[in-house]
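Computed from the coordinates by the stated procedures, all read-outs in this text should not be read as laboratory data. Since the structure is predicted, the reported quantities are computational estimates derived from the model, not experimental observations. Note that each Cβ is placed from the backbone with ideal geometry, even for glycine, and that neighbours are counted across all protein chains shown.
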Amino acid sequence: MDSFLIEGGLPLNGEVTISGSKNAVLPILAATLLTSETCIIRRVPDLSDVGFMLKILQSLGAEVTQDGSTLTIRAANISGRGDYELIRKMRGSICILGPLLARLKEAVVSLPGGCVIGTRPIDLHLKGLRGLGAQVEVEAGYVRVHASRLEGQMIFLGGRVGPTVLGTANLMMAATLASGITVIESAACEPEVVDLAGLLIAMGAKVRGAGTPTITIVGVDRLHGADYAVIPDRIEAGTFLLAAAITRSHLRISPVIPEHLGAVITKLEEAGCTIQHDGIGLTVKADRITAVDLRTQPFPGFPTDLQAPFMSLLATAQGTSVITENIFENRLQHVAELQRMGAAIRMQGNTAFVEGVSRLSGAPVQGSDLRASAAMVLAGLAADGITTVQGLEFLDRGYADFEGKLNAVGASIRR
Ligand code: UD1
């Protein structure tokens, strides 16, 4: 298993280019199954999760060609039965269910896996598809959905802790080819849902309200090919803002859509960073960092995907910060690893009380999921001495050339 060897304490300086969004591109790739025509998808990040998704599309019969970050996908003749092992490997693969059901009226996929950040059920995905009239059976690790026809309905999709991002994506895709009007209430408002709607509209779908809690889809008979560029990754952008902050450095990152990072920018400014937007990128300058409190929430609230990296920063702040994780029940496993590096953190349920220390010290640590691994790398950049980070199989799922981008602005990371 690969690991990183990080020499800490080096300042960063320069420019970082942000890749296309992982969480946007996965449902977007699944949406290409909705048409037999060619789709061109641009600004696709080079990630292992994208590689998995392409293998899944190919295993269903789609033809995929790649030219740099541009993919050409043609799903002319496809089957509705996905490869068990491939799908099990990745949570994002669940979003092939909606498009396969819409196009073929039947799909059989294995229950998806993904990072270990809680139980991650798919009851809301299935509720949404049932709402359109599909029969759903879950048996022996597989989900089978089928319908003679799909019919638009008003469907309330809110769950225990609020909306579901991929559940909204799945239902939105299934509804594009249903007859009549589907109204999704308590839909996720994340920018990745809006990006998917952008592609669907470019394919001829009638979707209104994406980005609000009520999305209306008027079904059409067929969708056509499209040429579409994915939004920049707001979580990757946030991670690099935090890399600058934790090393008390100065970085410019681009391209970014600042509205996607509102809560993150606000919290960084509250903590003492200076952030400026120049139309395409953000410049961040950090000198002295003070404690801030944060609670993870659905968009536009503070994203759960940046909770772990932000905790690394606050472990080095002046004062005590209170961080509450509200979205996933098992997403505080990085606390124990940060403690190994000298962080002073006390846990109470889903809340961490982080008392900033003046220095973290390098140690061997393990990332338990994608964002926890990123948090460990950030802590390693700021720590005294050498940090080794294991868990790169998680990191590679969601960060394109993470060490390359950091080394180019002054870090010292060896794989
Ligand atoms: C997506 C993102 C992930 C991010 C998360 C929340 C992708 C590939 N992943 O995951 O990076 O952390 O949004 O912003 O886009 N839930 C249910 N039943 C369901 C579905 C979800 O109870 O059927 C619960 C989950 O356990 C969780 C909450 O709803 O507590 C939110 O999960 P959800 O928005 O669905 O996360 P994902 O879409 O899987």
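Overview of values
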item	result
Unique residue being in a loop (DSSP other than H, G, I, E, B) and either in contact with a strand residue (DSSP E or B) (Cβ under 9 Å, 6 or more places away or on another chain) or of a type in the set (Val, Ile, Thr) (or both) when the list is 345, 327	327
All positions within region 151-176 that are more than 15 Å from the ligand (Cβ to nearest atom) and surrounded by fewer than 24 Cβ atoms within 10 Å (Cβ to Cβ)	151, 152, 153, 154
Condition met for residue 130 (among the charged types (D, E, K, R), in contact with a Gly (Cβ under 6 Å, 6 or more places away or on another chain) and within 16 Å of the ligand (Cβ to nearest atom))	no
Residue identified as under 23 Å from residue 254 (Cα atoms), within 16 Å of the ligand (Cβ to nearest atom) and of a type in the set (D, E, K, R) among 278, 305, 287	305
Complete set of residues in region 312-351 that are closer than 12 Å to residue 291 by Cβ, touching a residue at least 40 places away in the same chain (Cβ under 8 Å) and not hydroxyl-bearing (Ser, Thr, Tyr)	313, 314, 315, 317
Selection within region 30-46 - away from the ligand (no atom under 11 Å from the Cβ), on the phi < 0 side of the Ramachandran plot and either crowded, with 22+ Cβ neighbours inside 10 Å or basic (Lys, Arg) (or both)	31, 32, 33, 34, 35, 39, 41, 42, 44, 45
Selection from region 192-233 of residues that are surrounded by fewer than 21 Cβ atoms within 10 Å (Cβ to Cβ) and farther than 21 Å from residue 40 by Cβ	206, 208, 209, 211, 212, 213, 214, 216, 218, 219, 221
Matching entry among 343, 375, 382 (being more than 16 Å from the ligand (Cβ to nearest atom), under 26 Å from the mean Cα position of the chain (by Cα) and over 15 Å from residue 3 (Cβ atoms))	382
Residue list for region 360-372, restricted to those being without any contact (Cβ under 8 Å) to a residue 40 or more places away in the chain and either within 16 Å of the ligand (Cβ to nearest atom) or not aliphatic (A, V, I, L, M) (or both)	361, 364, 366, 367
